[in-house]
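J.: Take a look at this one; I'll ask things after.
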Amino acid sequence: MTLESRSSSYLARLERIESSKIFRAAVIFIIVVSALAIGAKTYDLPPLAEQSLIILDKAVTLFFLAEILLRFAVCTDKKRFFRNGWNVFDIIVVAGSLVPIDDSQAVLLGRLLRVFRVLRLVSVIPELRFLIDSLLKAIPRMGYIALLMFIIFYIYATIGSMLFAAIDETLWGDVAVSMLTLFRVVTFEDWTDIMYATMAVHPLSWIYYLTFIFLTAFVFLNMMIGSILEVMGEEKNALQTKQAHDERERMSQQIVTVQQQLDELTSMVKNLASRG
């Protein structure tokens, strides 16, 4: 067997380990253990427990470093590995975990970056990664909806300040305070108390509140949800297409590997025949 075939066989074994469910379950388990260890450090613990947590932290850091190196080793396109945002995020978190917490100047940075280890669950679990990717790609569409919501908030806040400032200066004194009051209304936090206070002076002011709640809590909220669901549908279709493409590439690589093995066997048979 040639050196190239041995290297391919070695990488294939590493790839099987990296893609196995047992290995991914182990990574998830270590992330959860790391999160629990970070939370435990916020309590007053005996010296033995604190020392054990320090050793556990070092072991977790080494495991994450080995896991990143394994993923990098099995990646055929090294440049593509660094183009993946989740891989870059994992590298930053793992590199931050290497910051020694014994250094007084870097202790805060080291502890903060260790807290972000919990977010590695997102990069490890494909379903969570899919949800976050969809949410990030839906942000531009949600931004326009948020802009429209701000316009509605501003219009209603201006009207509310004009009509109700004399009733309650604390809630309707100016546009900024009125917008905060409307935010309280849209979250349904005792909004009826605010409405009944203005209705005592303006009996028809209920129209103001109901139309505002209908626009913001029902119309715009559903528009937000609809934009996210639309992006999730597009991402799901793109993911299925990518998986089909990757499957075709994997089958092609397997065919090439089998062909190389057949060529090697043929060469060995010819060598044996020539010797005989």
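The values are calculated or read from the model by the stated rules, or taken from the named source; none is laboratory data. Predicted, not measured: the structure shown is a model, and the values here were computed from it. Positions of Cβ are backbone-derived with ideal geometry, glycine not excepted, and every protein chain shown enters the neighbour counts. Accessible surface areas use protein heavy atoms only, side chains included; no ligands, DNA or RNA. Shrake-Rupley method; radii C 1.70, N 1.55, O 1.52, S 1.80 Å.
This table checks each residue for (1) open to solvent by less than 30 Å² (accessible area, probe 1.4 Å); (2) modelled with pLDDT of 85 or more; (3) of a type in the set (A, V, I, L, M, F, W, C).
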| residue | (1), (2), (3) |
| --- | --- |
| 41 | no, no, no |
| 96 | yes, no, no |
| 102 | no, no, no |
| 129 | no, no, no |
| 139 | no, yes, yes |
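J.: Right, another one. Would you check which residues across region 16-39 are more than 20 Å from residue 118 (Cβ to Cβ) and surrounded by 14 or more Cβ atoms within 10 Å (Cβ to Cβ) and list them?
T.: Across region 16-39, the qualifying residue is only 18.
J.: Which pairs have Cβ atoms under 6 Å, sit 6 or more apart or on different chains, and link a residue in region 228-250 that is under 17 Å from residue 136 (Cα atoms) to one that is open to solvent by 50 Å² or more (accessible area, probe 1.4 Å)?
T.: 231/137
J.: Hey, can you tell me all the residues within region 43-79 that are under 20 Å from residue 17 (Cβ atoms), exposed (fewer than 15 other Cβ atoms within 10 Å of the Cβ) and without any contact (Cβ under 8 Å) to a residue 24 or more places away in the chain?
T.: Answer for region 43-79, where residues must be under 20 Å from residue 17 (Cβ atoms), exposed (fewer than 15 other Cβ atoms within 10 Å of the Cβ) and without any contact (Cβ under 8 Å) to a residue 24 or more places away in the chain: 59, 62, 66, 69, 72, 76, 77, 78.
J.: Go through (1) more than 36 Å from the chain's Cα centre (by Cα); (2) modelled with pLDDT of 85 or more; (3) among the charged types (D, E, K, R); (4) over 30 Å from residue 163 (Cβ atoms) and name the single condition residue 275 misses.
T.: Every listed condition holds for residue 275 apart from (2).
J.: Have a look at 212, 188, 150 and point out the one that is aromatic (Phe, Trp, Tyr), at pLDDT 90 or above, open to solvent by 70 Å² or more (accessible area, probe 1.4 Å) and out of contact with any His (no Cβ under 9 Å at 6 or more places or on another chain).
T.: Going through 212, 188, 150 in turn, the sole match is 150.
J.: Further question on the same structure: Check residue 220 against each of (1) closer than 27 Å to residue 139 by Cβ; (2) open to solvent by 50 Å² or more (accessible area, probe 1.4 Å); (3) of a type in the set (Phe, Trp, Tyr) and name the one condition it does not meet.
T.: (2)
J.: Give 238, 244 a once-over and let me know the one that is within 32 Å of the chain's Cα centre (by Cα), more than 23 Å from residue 145 (Cβ to Cβ) and open to solvent by less than 90 Å² (accessible area, probe 1.4 Å).
T.: 244
J.: Inside region 191-209, can you point out the residues that are in contact with a Phe, Trp or Tyr (Cβ under 9 Å, 6 or more places away or on another chain), open to solvent by 30 Å² or more (accessible area, probe 1.4 Å) and aliphatic (A, V, I, L, M)?
T.: If the condition is that a residue be in contact with a Phe, Trp or Tyr (Cβ under 9 Å, 6 or more places away or on another chain), open to solvent by 30 Å² or more (accessible area, probe 1.4 Å) and aliphatic (A, V, I, L, M), then 197, 199, 201 are the ones that fit.
J.: I'm trying to understand the selection: among the residues of region 158-170, which are open to solvent by less than 40 Å² (accessible area, probe 1.4 Å) and farther than 14 Å from residue 216 by Cβ?
T.: Answer for region 158-170, where residues must be open to solvent by less than 40 Å² (accessible area, probe 1.4 Å) and farther than 14 Å from residue 216 by Cβ: 158, 161, 164, 165.
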